[in-house]
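Colleague: Would you mind keeping the following structure in view while I ask a few things?
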Amino acid sequence: MGILDLKKISFSYNRKGFIKDLSISVNGGEFIGLLGANGSGKSTLLKLSAGILAPQMGEINLWNKPLHQYKGKDRAKLLSYLPQMLDINVPFRVRELVSMGLYPYDILPQLSPEEAIKMVGLGEKTDSFITELSGGERRRVFIAMTLLQGAGILLLDEPLANLDIKYQIELIRLLRNLRDIKNISVVMALHDINMAFQFDCVYIVKDGMLIASGEPHEIIASELLKDAFDIDVTISDIFHPLKPLK
Amino acid sequence: MRKIILLIIVSICILFVSVFIWPKFINPFNLDDTGSQIIFSIRLPRVIVSILMGSALGVSGAILQGLLRNPLADPYILGISSGATLTAAAGLIFGKIIFGLFTIPLLAFIGAISTGIAVGIMGYKRGGLLPERLLLAGIGIGFLFSSILMLLMSISADEGLKRAMLWIFGDLSMADWSLIPYGLIFIFAGFLLSIWRVKGLNALILGDEIAYSLGFSPFKERLILFISVGLMTASSVSLGGVVGFIGLLIPHIIRFFVGSDCRFLLPLSALVGGTFLCMADTIGRTIVSPTEIPAGIITAIIGAPYFLYLLRKREIMGV
C-alpha cells in the first residue's frame, strides 16, 4: 500500500472513455516518470491524482484516506501539483509569488521563500517581476513555490519543458536531494525519453492505459516504448551528465 | 513602506482641502452657523459619498482584474451598471416614486444585484465560475439592458426620467446623509469579504489548478469574491451613479507602485480610489463654480493622461 493509491480508476471528459481501469501506487521516496506521447493521458492522470479531476470509477487514497475527503489546506500540505501551462499576466514579484507556497500553513515552515528561490538559482531575481522573466525562469519560480509548499508528494506535469539543459539537470538533482533528505515522492510527466534514466520507476502511458512499468533500463529497451511513441529506440552507452548520481 | 505612508498623508490632505477649503474657505477652528451648516449638510456628506464610491470602485476593479485574469476588467464590465440604470429608469416610468428619496437608489441597487446574480448563473458551468463565461455573460447582458434602456428613453418624454438619467451617469450633487449608512454597510461588508479571501484571490491569479493545489476551492473563492464585487459595485452605483475610470485604472496605477500582491493592492486601491474621486468632485464643483462638472469627467481628464504616461514607461499585466 503506497502513500498515494489510484485503484482501478476510469475517467472520461465526455462519453468516450479516456483513462481506463488504471492503478498506480506511489510509495514514500519514490521517483516516478510518466512517459507517453502527446494526448496519451499523462496530464489527465496527474490531474486525477491531484484531485482536480474526479474519477467516474475507482478510488484514490492519500495516506489511506479518500482524497476527496481532505480539507483543501490539509491536502495541500501533503500533495502539490504543478500544471504544464503556467500562464500569468499579473506582475507579481518573484518573492511574492513564491511566498504563496506558504498559504496552506498557519505557522512558519522550516524553509524561507528566499531559500526556495536560491534553490532554483534565481537568488538575484528575488525582487524582479515575474512578467520580466523568461519562460524557463518563470517555471523555476513556480517550482520554488512548490518546494516552499513542502508537500511530501509532488505531481509535476512536464516541469522540464522549456528549461535549459543545465536547469533540467539541476532540477532533477534538487528533487533527488530532497528525496534523500526528506523522503519526498515525485511523479513527473516527461516526454524526453533520455530523462527517463533518472527515475527509479517509469510508467508508459498510451491511450489512457498503463502499458508498461518498471526500471528505466528494462522499459526503454522494450518493444512497448516503440509502440507508445511510434518510433525506433536505440540505446547507446554514452556518457550521461547525471549518471554518476545513480 | 515609505510610499504607502506618503499616500496616506496625501489622502488626508486632500480630504481636509475638500471639506474646509474649496470652493470657499471655512475655518474649522472658528465655525459660525452658516459655516457649520455648509460643512455638515453639504460638504461632509458629499465627501463621504465620493470616498465610499471611489473606494468601492477601486477595490472592485482590482478584484475583477484578478478574478477574470483580464487587465481590461472594470466593475461595470459585468453589466451591473446597465442593470442598475435600467431598473431605475423603468421604475420611474412605470411605478413613479414609491419610496420617496430612496426610490432611485433602491431601484438601482435591486437592478445591480439581480444583474450580478444573472451574470453569475450564466458564468457557471461544469462546477465552476469560468472567467471567460462571466465576461461574455456580463457583456451580453450589458448590451441587452442598454438597448432596452435606449428603447425606454426614446418612447418616454418623462422629465423625471431625464433627471434619473443624469443622476445615474454620475452626479454627486444630490448626496446627503440619508443614503450613507446603507452604502457604508454594504461597501464595508463587501470590502471585508474581499480581505477575508485575499489569499484566495492571489492564488486564483496563478490559475485555478495552482489555486487548487495550494488548498483553495476555485469555485468557492470566486463566488465569495464575486459577491463582494457585486455588493460594492451595486452600492456605489446606487449612491451616485456610474463613475468611470476609477475601477479600471486606479488598480493598474497602484500595481505600478506597490506590485500585485492583493493584500496591499486591495486596501490601497480603496484608499486611492476614494481620495481620487473626492478630489475630482471637489475640483468639479470648484473650477467653474457655480456650474458643476460631473466628477466622472474630471477623473478621466486628470487620470487618463497620467495613466497613458505610465503605460509608455511600463508594462501593464504583461502587455
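Colleague: Taking residue B:183, is it in contact with a helix residue (DSSP H, G or I) (Cβ under 8 Å, 6 or more places away or on another chain), more than 11 Å from chain A (Cβ to nearest Cβ) and assigned to a helix (DSSP H, G or I)?
Modeller: When the stated conditions are applied, residue B:183 passes them.
Colleague: Within region B:240-258, can you find the residues that are touching a Leu at 6+ places or on another chain (Cβ under 6 Å), at pLDDT 85 or above and over 15 Å from residue A:90 (Cβ atoms)?
Modeller: B:246, B:247
Colleague: For residue A:118, are the conditions met, namely being in contact with a helix residue (DSSP H, G or I) (Cβ under 6 Å, 6 or more places away or on another chain) and over 21 Å from residue A:79 (Cα atoms)?
Modeller: Working: in contact with a helix residue (DSSP H, G or I) (Cβ under 6 Å, 6 or more places away or on another chain): no; over 21 Å from residue A:79 (Cα atoms): yes.
Judged against the criteria, residue A:118 is not a match.
Colleague: Of everything in region A:21-61, what is among the hydrophobic types (A, V, I, L, M, F, W, C), without any contact (Cβ under 8 Å) to a residue 60 or more places away in the chain and either touching a Lys or Arg at 6+ places or on another chain (Cβ under 8 Å) or within 20 Å of residue A:172 (Cβ to Cβ) (or both)? Give them in sequence order. Walk me through how you get there before you give the answer.
Modeller: Within region A:21-61, the first condition is being among the hydrophobic types (A, V, I, L, M, F, W, C), and the residues that meet it are A:22, A:24, A:26, A:31-32, A:34-35, A:37, A:45-46, A:48, A:50, A:52-54, A:57, A:60.
From what's left, without any contact (Cβ under 8 Å) to a residue 60 or more places away in the chain: A:48, A:52-54, A:57, A:60.
Hits for region A:21-61 are A:53, A:57, A:60.
Colleague: Another question, if that's okay. Filter region A:58-72 for residues that are facing another protein chain (nearest Cβ under 10 Å) and either β-branched (Val, Ile, Thr) or outside any loop (DSSP other than H, G, I, E, B) (or both) and give the result. I'd like the intermediate steps shown before the answer.
Modeller: In the first step, residues of region A:58-72 are kept if they are facing another protein chain (nearest Cβ under 10 Å); the result is A:70-72.
If the condition is that a residue be facing another protein chain (nearest Cβ under 10 Å) and either β-branched (Val, Ile, Thr) or outside any loop (DSSP other than H, G, I, E, B) (or both), then A:72 is the only one that fits.
Colleague: Hey, can you tell me all the residues within region B:217-262 that are within 14 Å of residue B:75 (Cα to Cα) and not in a helix (DSSP H, G or I)?
Modeller: Start the filter on region B:217-262 by keeping residues that are within 14 Å of residue B:75 (Cα to Cα), which leaves B:225-238, B:241-252.
Passing the criteria: B:241, B:242, B:243, B:244, B:245.
Colleague: Let me ask another. Here is a check on your reading of the model: is residue A:199 within 21 Å of residue A:162 (Cβ to Cβ), aromatic (Phe, Trp, Tyr), modelled with pLDDT of 70 or more and in contact with a Phe, Trp or Tyr (Cβ under 9 Å, 6 or more places away or on another chain)? Reasoning before the result, please.
Modeller: On the way: within 21 Å of residue A:162 (Cβ to Cβ): yes; aromatic (Phe, Trp, Tyr): yes; modelled with pLDDT of 70 or more: yes; in contact with a Phe, Trp or Tyr (Cβ under 9 Å, 6 or more places away or on another chain): yes.
It is true that residue A:199 is within 21 Å of residue A:162 (Cβ to Cβ), aromatic (Phe, Trp, Tyr), modelled with pLDDT of 70 or more and in contact with a Phe, Trp or Tyr (Cβ under 9 Å, 6 or more places away or on another chain).
Colleague: A further question on this structure: For residues that are in contact with an Asp or Glu (Cβ under 7 Å, 6 or more places away or on another chain) and closer than 22 Å to residue B:265 by Cβ, tally how many sit in region A:95-124. Let's see the steps before the verdict.
Modeller: To start, the set of residues in region A:95-124 that are in contact with an Asp or Glu (Cβ under 7 Å, 6 or more places away or on another chain) comprises A:95-96, A:121-122.
Next cut, closer than 22 Å to residue B:265 by Cβ only: A:95-96.
Here the count works out to 2.
Colleague: For region B:39-83, what are the residues that are closer than 23 Å to residue B:182 by Cα and among the β-branched types (Val, Ile, Thr)?
Modeller: B:39, B:42, B:47, B:48, B:49, B:51, B:59, B:63, B:80 - these are the residues of region B:39-83 that are closer than 23 Å to residue B:182 by Cα and among the β-branched types (Val, Ile, Thr).
Colleague: Taking region B:191-231, which residues are of a type in the set (Phe, Trp, Tyr) and in contact with a Gly (Cβ under 9 Å, 6 or more places away or on another chain)?
Modeller: Of all residues in region B:191-231, those of a type in the set (Phe, Trp, Tyr) come to B:191, B:196, B:212, B:216, B:219, B:226.
Scanning region B:191-231 gives B:212, B:216, B:219, B:226.
Colleague: Inspect all residues belonging to region B:150-168 and state whether any of them is modelled with pLDDT of 85 or more, exposed (fewer than 15 other Cβ atoms within 10 Å of the Cβ), over 30 Å from residue B:298 (Cα atoms) and away from chain A (no Cβ under 14 Å).
Modeller: no
Colleague: Look through region A:181-218, keep the residues that are in a loop (DSSP other than H, G, I, E, B) and under 13 Å from the mean Cα position of the chain (by Cα), and return whichever of them is surrounded by the most Cβ atoms within 10 Å (Cβ to Cβ).
Modeller: Step one: filter region A:181-218 for residues in a loop (DSSP other than H, G, I, E, B), giving A:183-184, A:191-192, A:199-200, A:207-208, A:215.
Narrowing further to those that are under 13 Å from the mean Cα position of the chain (by Cα): A:184, A:191, A:199.
Values: A:184: 21, A:191: 17, A:199: 23.
Only one residue tops the list, namely A:199.
Colleague: Only residues in region B:61-81 that are β-branched (Val, Ile, Thr) count as the first member; pair them with residues that are part of a helix (DSSP H, G or I), Cβ under 6 angstrom, at least 6 apart or cross-chain, and list the lot.
Modeller: If the second residue must be part of a helix (DSSP H, G or I), the pairs left are B:63/B:194; B:63/B:225; B:63/B:229; B:77/B:138; B:80/B:112; B:80/B:115; B:80/B:116; B:80/B:233.
Colleague: Oh, and also: Taking helices (runs of 4 or more DSSP H) that fall entirely within region B:1-116, which contain at least 2 residues that are over 22 Å from the mean Cα position of the chain (by Cα) and either among the acidic types (Asp, Glu) or modelled with pLDDT of 85 or more (or both)? Reasoning before the result, please.
Modeller: Working: elements: B:2-16, B:33-37, B:44-67, B:80-90.
The helices (runs of 4 or more DSSP H) meeting that bar are B:2-16.
The values are calculated or read from the model by the stated rules, or taken from the named source; none is laboratory data. Everything numeric in this text was worked out from a predicted model, so none of it was measured. Don't worry about glycine lacking a Cβ; one is built from the backbone with ideal geometry, like all the others, and counts go over all protein chains shown.
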